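J.: Quick one: this structure, given as C-alpha cells, is what I'll be asking you about.
A short reminder: the numbers here are calculations on the coordinates, not readings from a lab. Small disclaimer: the values here were computed from a predicted structure and weren't measured. Here the Cβ positions follow ideal geometry from the backbone for every residue, glycine too, while neighbour counts run over all protein chains shown.
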Amino acid sequence: MAGSVPIGGGCAMGLSKIKHVRAFTATGGGADYHDQQGAHWIDDHIATPMSRYPEYRQSRRSFGINVLGTLVVEIEAEDGTIGFAVTTGGEPACYIVERHLARFLEGRDPVEVEKIWDQMYFSTQYYGRKGLVINAISGVDLALWDLLGKLRGEPVCHLLGGAVRDELQFYATGARPDIARDLGFIGGKLPLHHGPAEGSEGMEKNIALLADMRGKCGDDFWLMYDCWMSLDVDYATRLAQRAWDECGLKWIEEALSPDDYWGYAQLKKNAPRGLLVTTGEHEATRWGFRMLLDMECCDIIQPDVGWCGGITELIKIAHYADTRGAMVIPHGSSVYSYHFVVTRHNSPFAEFLMMHPGPTEVVPMFAPQLLGEPVPVNGRIRASALDRPGFGVDLNPDVPLHRPYTH
Ligand SMILES: [Mg+2]
C-alpha cells in the first residue's frame, strides 16, 4: 500500500541477527548449586528417593547429584552483543546445544523466541520431553531473552509486561529458618531429613526438628518442609497431619515422585484443610504442569525456569495456572525467576535458596558464577534492582569455563 511503513518482522526494527551459539561447562557452585565442596547444609542427610539404600542416605553427592555441573549458553549477535544464561546440565547438555539446538538460532532474528522454542522442542521430542534436554532448551531460551533485552536496552521484566509491584518478597530455603526470620524473610523452608525407610524413629525426628524451629520462630512465621521426592502417600499424609496439628506447617513440598500425579491427587485430598501441597520443580513444559493442575495435585506449582523450558514456556505454564487459581512460586533460579515473578500477580512472593554453608548469612544464589546478582536485603529485592538490560548479570571471569564441543 502506498505510503505504508513496511513491517517485515524484527529486522524492520534493526535488531542484529544471531551469529553464533556456544555452550560451556563450569563446576563448583553456580547454577548447579548442589556442586558444593566440604560440609554444607544442602548435603547433610537430606531425605531422597535414594534414602531407602543406607549407603546413599547421608549425602546426595554419594549418589551423584552433582555429576552434571553447570551449563553456560552464550548467544552472540552479529553486532557483537552476547546474551548468556546458566542452568544445570554440564557436558551432555553442551553436546545437545552445540550439535542439535544451535542450528535453530544461527542466522535467525533474535525476536523469534516462539518459533525457535517450538523448533527446539519438537526436533528433540523423540529423545527429550523432560529432564536434561529441557534443561538445555531452557538454557538456550534464557540466553535468547538475555540477548533480546541487551539488544533492546531493556530488562527482561520489561519485555514480560513490566513489574506489577515495587519489590520482591522472599521466603528462605535452608536449614536455619530461625536465622532466616532474623534476616527479614517471610518464611523458612527446611529440608526433610528422614524418609519412610527410617521408620517411626525418623518420623519423630522430623517432627521434633519442626517443633524446635516453631518454638524458635514464633507462631506467625511460615515454616515449610521440602521432601525432595522422598516419601510415599501414606508417610506424606501422616507427616502432613502431624506437622499441621503440632507445628502449624504451611506447606509440604514435593513429597512424592514427580511421575506420581495420582499420588499427589490423593495427598491433596488427604492433607488437612489449610495445609498447602506444593510441587513442580522437577516438572517440565506446559503439558507436565497441565497434568498437575488438571488432576488437582497441588495448591502451588513451583517450576524452575532453568529446567521447565525457560521463560518462553514459563509464560504458558503461568497463564494456565492463573486460570486455575493456582499460585506460581518458581523454584530458586535467581535472576531468571526474579524478572518473571515481579511481572506476575499470581506469583506474590519468591524463593531464595540460602547457599551459605551454614546457612547463617545471605549470599548470591548462584555464587560465585555471576557478577551483579542481586540479593535480598531484609528479605526483599527492590524491582529497581532489576533495571539493567537483559537479566542484568555478567559471568564472573574468575570461574573457568570449558567448551567440550564445537560446531
Ligand atoms: Mg524443593
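J.: Determine the relative contact order of the chain: mean sequence separation of Cα pairs under 8 Å and six or more apart, normalised by residue count, in whole percent. Walk me through the numbers before you get to the answer.
T.: Numbers: 906 pairs, mean separation 84.1, N = 407.
RCO, the chain: 21 percent.
J.: So, counting K/R as plus one and D/E as minus one, what does the shell of residues with Cβ under 15 Å around HIS402 add up to? Before the final figure, lay out the partial values.
T.: Values: positive: ARG22, ARG403; negative: ASP32, ASP35, GLU74, GLU91, GLU98, ASP398.
Overall, the nearby charge balance is -4.
J.: If you don't mind, another one. Mind giving me the nanometre distance, one decimal, between the label points for ASN396 and ALA39, set 7 Å out from Cα along Cα→Cβ?
T.: The answer from the label model is 2.2 nm.
J.: For the pairs LYS17/LYS130; LYS130/LYS269; LYS19/LYS150; LYS189/LYS268, flag any whose C-alpha to C-alpha distance is greater than 25 Å. Let's see the in-between values first.
T.: Values: LYS17/LYS130 29 Å; LYS130/LYS269 27 Å; LYS19/LYS150 15 Å; LYS189/LYS268 19 Å.
Cα-Cα > 25 Å for LYS17/LYS130; LYS130/LYS269; rest within.
J.: Right, next: Where the centroid of each part is defined by its Cα atoms, how far is region 375-407 from region 94-129 in Å?
T.: 23
J.: Whole-Å semi-axes of the chain's equivalent ellipsoid, largest first, each the root of 5 times a Cα gyration tensor eigenvalue? Could the numbers behind the result be given before it?
T.: On the way: eigenvalues 264, 96, 86 Å².
Each semi-axis is √(5λ); the values are 36, 22, 21 Å.
J.: Where in region 225-260 is the amide nitrogen less than 16 Å from a point lying 7 Å along the Cα-to-Cβ axis of TRP287?
T.: Once the point is set 7 Å along Cα→Cβ of TRP287, 259 turn out to lie under 16 Å by backbone N, inside region 225-260.
J.: First select every other residue whose beta carbon is under 13 angstrom from the beta carbon of ASP260; then total the charges, Lys and Arg +1, Asp and Glu -1.
T.: Numbers: positive: LYS268; negative: ASP232, ASP234, GLU254, ASP259, GLU283.
Neighbour charge sum, excluding ASP260 itself: -4.
J.: Quick one: work out the % antiparallel among DSSP beta bridges in region 159-388, nearest 5. List each step's numbers first, then the result.
T.: Numbers: 4 of 25 bridges.
Roughly 15 percent of the beta bridges in region 159-388 run antiparallel, per DSSP.
J.: Continuing with this model, one more query. Could you order the peptides 258-267, 137-146 from most to least packed, using the average number of other C-beta atoms within 10 Å per residue?
T.: Working: 258-267: 18.7, 137-146: 29.7.
Put in order of decreasing packing, that is 137-146, 258-267.
J.: Considering the options PRO368, PRO92, LEU210, tell which one lies farthest towards the positive end of the dipole of the chain, charges being +1 on Lys and Arg and -1 on Asp and Glu at the Cβ, about the Cα centre.
T.: Value computed over the given set: PRO92.
J.: How big is region 159-388 by the Kirkwood estimate over distinct Cα pairs, in Å?
T.: Numbers: mean 1/r = 0.0560 Å⁻¹.
Hydrodynamic radius (Kirkwood, Cα only) of region 159-388 equals 17.8 Å.
J.: Within the set of other residues whose C-beta is less than 10 Å from the C-beta of LYS130, count the net charge using Lys and Arg as +1 and Asp and Glu as -1.
T.: Details: positive: ARG129; negative: ASP259, GLU283.
Every neighbour counted, the sum reads -1.
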